[in-house]
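See structure below.
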Amino acid sequence: MNDSTQLARGLGDTIVAVSSPPGAAARGVIRLSGDRAADIVDHLFLADGQQPTPVHIERGVSRGRLWLGRTGVHVRAFVLVMRGPKSFTAEDVVEIHLSGAPALLRMVVDLCIREGARPAEPGEFTRRAFLNGRIDLTQAEAVAALIHAQSEAERRAALTVLDGVVCRRNAELSAQLVAVLATLELSLDFSDQDIEIVVAKDLDANLAGVVEGIDDLIAQGQSRRQRADRLRVLLSGPANAGKSSLFNALLGRSQAIVSEQKGTTRDYLEGELDLEGRRFLIIDSAGVDFVGGAVDQKAHLLRERERERADLVVEVRDGRLASQSPKESPALSRQPAEPKFRTAVLRVWTRSDLVPLVDRSRPNGHWVDLGKAGSGAGGLVEFTAALRQSATPFQDSVRSSLLALSERQARLLAKSKEAIERAREGLSRGLGEELLAADLHEALAYFRELSGEDYDDQVLDRIMSDFCIGK
């Protein structure tokens, strides 16, 4: 962005806004950024013990009194001065920390405006940090993700990106791609001479490494969207084992159709469950042993897909068959072996009221009487406690590795991968270096757009529109 554009957008101004969350609180924070930030606060603030006022110190904290205009009234406050270019925005940044009364905060912002600041626009502090090179565009988006985080998992995922994980990984992948391009373009430079440049034999392997890195970033972003806020729990098992009844009992409402007729569940149903702060997406699926016509085949394909995506599988079995061997139990003997996925598994035996106590002590699993589940009896309370306990270690383990990858980032990574795969296909077909280089330059352009090295003002405006004032 050139200087005239910056001036037109007011990027040379000193801006001010309340940066603490809205509403009353013990402490509020007012933030200023720009060349006059310290000078403006100096007119309002007097440090304790005649210490140097903020405009006279390089950086640090000063405690004192903040004067509320010419009324002679003052409040206790402390001022934090961060000098550019090492501040968040790369400009001089001053924060005023004081009582979090909303009326008081508005009054101090108005006083700063009278002294020469202007109200900040939504996301303007982060915009300045990006335009001044302190963060890249992925980190700017992480600030928005952090603002809108609704769970501890989402907060950690946003902080991971804000810490620069995607930024650094994007730079590494770009460097790998540039190295490959250097070999191709060296060959092109000497194509009209008698000098032969041999294209490295491991060119495809190098490109495959870049693709693997892209896939890893996309997978972590998808994992974050699917798992960070709630865990996917699939109810799986034979037809008429009681999956739909258990589904209704867990959600506390009759959402799934319950019938003695096989194949009642063709599609899959979803419902949310909150167990003391742990959020689950419960999914009811078709029976594993009921295969009829084309519609049933599609139902089973959906079930297999959901099993692959599940974080936890609850295997539901008819308790009346628990004490029987496979030979004595046609329903169990017909059940196909389910594929092994890396998911936690719980087993539930239904219809406990129809099974003698001695038979209930043999198989592993939890027993429930779904006829009594609505009243909280019948083993449902014990099962939900086990459900929450089984999910806890898995949910905790995925939190630290997830990324708050935005839809924009995922789209650009996918496009870059497509361009690289075209180059790999062209390489296998023996296409010329010019065509291969063109595809790789396209992939590199997507990497630059991802980081914000090449960006569009409209894209930046759209990202910042999701911010609140003061960030």
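Conditions (1) open to solvent by less than 70 Å² (accessible area, probe 1.4 Å); (2) among the small types (Gly, Ala, Ser), marked per residue:
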position: LYS415; (1), (2): no, no
position: GLU418; (1), (2): no, no
position: GLY452; (1), (2): yes, yes
position: ASP457; (1), (2): yes, no
Looking only at the stretch 459-471, count every residue that is part of a helix (DSSP H, G or I) and either on the phi > 0 side of the Ramachandran plot or open to solvent by 50 Å² or more (accessible area, probe 1.4 Å) (or both) and tell me the total. 2
Among LEU234, LEU273, LEU246, LEU217, which is at pLDDT 55 or above, part of a helix (DSSP H, G or I) and under 27 Å from ARG388 (Cβ atoms)? LEU246
Of residues in the stretch 438-456 being without any contact (Cβ under 8 Å) to a residue 12 or more places away in the chain and either in a helix (DSSP H, G or I) or not charged (D, E, K, R) (or both), the one farthest from ALA145 (Cα to Cα): ALA438
Can you pull out the residues in the stretch 100-120 that are over 16 Å from ALA37 (Cα atoms), open to solvent by 20 Å² or more (accessible area, probe 1.4 Å) and touching a residue at least 40 places away in the same chain (Cβ under 8 Å)? ALA101, PRO102, LEU104, ARG106
Go through the stretch 121-143 and give me each residue that's of a type in the set (S, T, N, Q) and surrounded by fewer than 23 Cβ atoms within 10 Å (Cβ to Cβ). ASN132, GLN139
Residue set LEU177, LEU146; condition open to solvent by less than 30 Å² (accessible area, probe 1.4 Å) and touching a residue at least 12 places away in the same chain (Cβ under 8 Å); output residue LEU177
Quick one: what pairs do we get from the stretch 426-437, first residue closer than 16 Å to ALA208 by Cα and free of Cβ contacts under 8 Å to residues at least 60 places away in the same chain, second open to solvent by 70 Å² or more (accessible area, probe 1.4 Å) and of a type outside the set (Gly, Ala, Ser), C-beta under 7 Å, 6+ apart or different chains? GLY426/LEU435
Between a first residue in the stretch 62-90 that is open to solvent by 20 Å² or more (accessible area, probe 1.4 Å) and a second residue that is among the acidic types (Asp, Glu), which pairs have beta carbons less than 7 Å apart while being 6 or more apart in sequence or on different chains? ARG63/ASP48; LEU80/GLU95; ARG83/GLU58; ARG83/ASP92; GLY84/GLU91; GLY84/ASP92
Only one of GLU382, GLU425 is open to solvent by 20 Å² or more (accessible area, probe 1.4 Å) and modelled with pLDDT of 85 or more; which? GLU425
Exactly one of these conditions fails for ARG351: (1) within 26 Å of the chain's Cα centre (by Cα); (2) at pLDDT 55 or above; (3) among the basic types (Lys, Arg). Give me its number. (1)
What number goes with the only condition from (1) at pLDDT below 85; (2) part of a loop (DSSP other than H, G, I, E, B); (3) surrounded by 14 or more Cβ atoms within 10 Å (Cβ to Cβ) that ILE195 does not pass? (3)
Scanning the stretch 14-70 residue by residue, those modelled with pLDDT of 90 or more, within 14 Å of ARG114 (Cα to Cα) and out of contact with any helix residue (DSSP H, G or I) (no Cβ under 9 Å at 6 or more places or on another chain) turn out to be ARG36
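The values are calculated or read from the model by the stated rules, or taken from the named source; none is laboratory data. Since the structure is predicted, the reported quantities are computational estimates derived from the model, not experimental observations. Note that each Cβ is placed from the backbone with ideal geometry, even for glycine, and that neighbours are counted across all protein chains shown. These accessible areas exclude ligands, DNA and RNA; they are computed on the full protein's heavy atoms, side chains included. Shrake-Rupley method; radii C 1.70, N 1.55, O 1.52, S 1.80 Å.
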